[in-house]
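Since the structure comes first, as structure tokens, the remarks are kept for the end.
No value in this document is a laboratory result; all are computed from the given coordinates. Everything numeric in this text was worked out from a predicted model, so none of it was measured. Note: ideal-geometry Cβ built from the backbone for every residue, glycine included; neighbour counts use all protein chains shown.
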2 protein chains.
Amino acid sequence: MTDTSEDLTIGQVATRTGLSIDTLRFYEREGILANPVRRNRAGRRVYAEHDIAWLDMCVILRGSGMPIPAIRQYTELARAGDGTERERLAILREHRSRITAQIDQLHRCLDLIGYKVGVYEDYLAETEPEPEPESNAEAEAEVEADDQVT
Amino acid sequence: MTDTSEDLTIGQVATRTGLSIDTLRFYEREGILANPVRRNRAGRRVYAEHDIAWLDMCVILRGSGMPIPAIRQYTELARAGDGTERERLAILREHRSRITAQIDQLHRCLDLIGYKVGVYEDYLAETEPEPEPESNAEAEAEVEADDQVT
DNA sequence: CTACGAGCTGGACTCGACTCCAGGTCAAGT
DNA sequence: ACTTGACCTGGAGTCGAGTCCAGCTCGTAG
């Protein structure tokens, strides 16, 4: 069942997931594919549509900083099937809390940067109202260490 | 000027910034300290209060994923002083846009996880309404590969 | 005097996540 | 028959960001 339906080569999977071929093989070695990849008689990998879906998920999780061991753990539980739902849920919840913490941290950084950008914008608006289209004049300005700009 | 005011040892800076001593020396080698660290006659590093402020900023920037070369670049401009404000502003703006992109990405991941958590919660609520306080019974459930749980 | 704790240096090591490479196989096209 | 392109393997290399270590120097306390 589900045999001649929609088989994909590693190249196709690479273009569709945005991962490199090397990374796909690497992920396979790392055991984060939902099920062992089939091979054709030439020994080449044969992927199915649902591998794409799984990999898309992996891409999102990786993009959010989930380390490969955690993804592998989740994958193994999913492979094991029934009875592992609680653990999978725990993994997801934990990663979610890490993500929200990370978002908070990023917002703190945004605040900092927003403040600094404001300072610089004000400064530049004061001192140089015109954008000055063409000039590579090197200004050897007074380098007086000012604690103003932190 | 500003000599005997508030000198700090590397150990104090480490505890106050949360960075390790090794990391502080590493950052110094990487050139992301606003000004060269002074030394006492024994050759030991002597930090000042404003180094803490600068390092706190570095910690925030690093925490938001800004790579060390970018921080160094910014630092060098800040060291160079007047005339580099435009460039500093550009660096900040660029990093800001990377941060917002990253936040978006994290939110997308949160959506995914939120969805999955919901699925698992519903599933567990259906099949096991009681939290079952004490039980390590290993349920060898039917392991039928279901595409339901992606 | 000796021991200790805190620092110092240069350089090696680790870790995570890829990325690259040499050398080989296979199927299809010319 | 031969070339090409896509794929294979095992293993080495890279990169970023620290982290660790051996062996040394101080200053102080017992």
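Remarks
- Fewest-first sequence of A:Thr75, A:Thr100 by Cβ atoms within 10 Å of each Cβ: A:Thr100, A:Thr75
- Ranked by how many other Cβ atoms sit within 10 Å of their own Cβ, fewest first, the residues B:Arg86, B:Arg96 fall in the order B:Arg86, B:Arg96.
- Distances, shortest first, from the label point of B:Arg44 to those at the same position in the other copies read 6.7 nm; the point lies 7 Å along Cα to C-beta.
- Rotation relating A and B, chain B residue nearest the axis via C-beta, angstrom: B:Ile103, 3
- Shielding score for B:81-88, defined as the mean number of other chain Cβ atoms within 10 Å: 6
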